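The values are calculated or read from the model by the stated rules, or taken from the named source; none is laboratory data. Just so you know, these numbers come straight off a predicted model, no measurement behind them. Here Cβ is always computed from backbone atoms with ideal geometry, including for glycine, and neighbour counts include all displayed protein chains. Just the protein is used for accessible areas: all its heavy atoms, side chains included, with ligands, DNA and RNA removed. Shrake-Rupley method; radii C 1.70, N 1.55, O 1.52, S 1.80 Å.
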Amino acid sequence: MKNELDAKFLLQVFEKIRQFGEKQDDKYRLNGITAFTDLDGYTLFVEDPKVKLQFGFHNQYHFDYESSEHYEQFEKKLKQIDREY
């Protein structure tokens, strides 16, 4: 299964979630997606209840999910945020 991540796309969606999402503590939520950073701001976390994405320094990333269907639904949510905002 391939999970090629477009860093520019992810950063763009992350910023839209921060700009238009609802802030709760240090996390932002928009359309079922939660986005936040670690303390130093170098690592981004983007997740929903079934998929977790960690994106860090030098565009290194790691996905955590149980099925390809969960990943596909997560990807659709990110694309929807990108289109709508």
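Could you tell me whether any residue of the stretch 51-66 is out of contact with any Leu (no Cβ under 9 Å at 6 or more places or on another chain), open to solvent by less than 100 Å² (accessible area, probe 1.4 Å), hydrophobic (A, V, I, L, M, F, W, C) and assigned to a loop (DSSP other than H, G, I, E, B)? Yes, that holds for at least one residue.
For the stretch 23-40, state whether one or more residues are closer than 16 Å to Glu4 by Cα and either in contact with a helix residue (DSSP H, G or I) (Cβ under 8 Å, 6 or more places away or on another chain) or open to solvent by less than 90 Å² (accessible area, probe 1.4 Å) (or both). No, the stretch 23-40 contains no residue that is closer than 16 Å to Glu4 by Cα and either in contact with a helix residue (DSSP H, G or I) (Cβ under 8 Å, 6 or more places away or on another chain) or open to solvent by less than 90 Å² (accessible area, probe 1.4 Å) (or both). Of the residues that sit in the stretch 12-22 and are in contact with a strand residue (DSSP E or B) (Cβ under 9 Å, 6 or more places away or on another chain), in contact (Cβ under 8 Å) with a residue 60 or more places away in the chain and open to solvent by less than 90 Å² (accessible area, probe 1.4 Å), which one is nearest to Tyr85 (Cα to Cα)? If we take residues in the stretch 12-22 being in contact with a strand residue (DSSP E or B) (Cβ under 9 Å, 6 or more places away or on another chain), in contact (Cβ under 8 Å) with a residue 60 or more places away in the chain and open to solvent by less than 90 Å² (accessible area, probe 1.4 Å), then Lys16 is nearest to Tyr85 (Cα to Cα).
Here Glu4 clears all of (1) under 23 Å from Glu69 (Cα atoms); (2) open to solvent by 100 Å² or more (accessible area, probe 1.4 Å); (3) at pLDDT 95 or above except the condition numbered (3).
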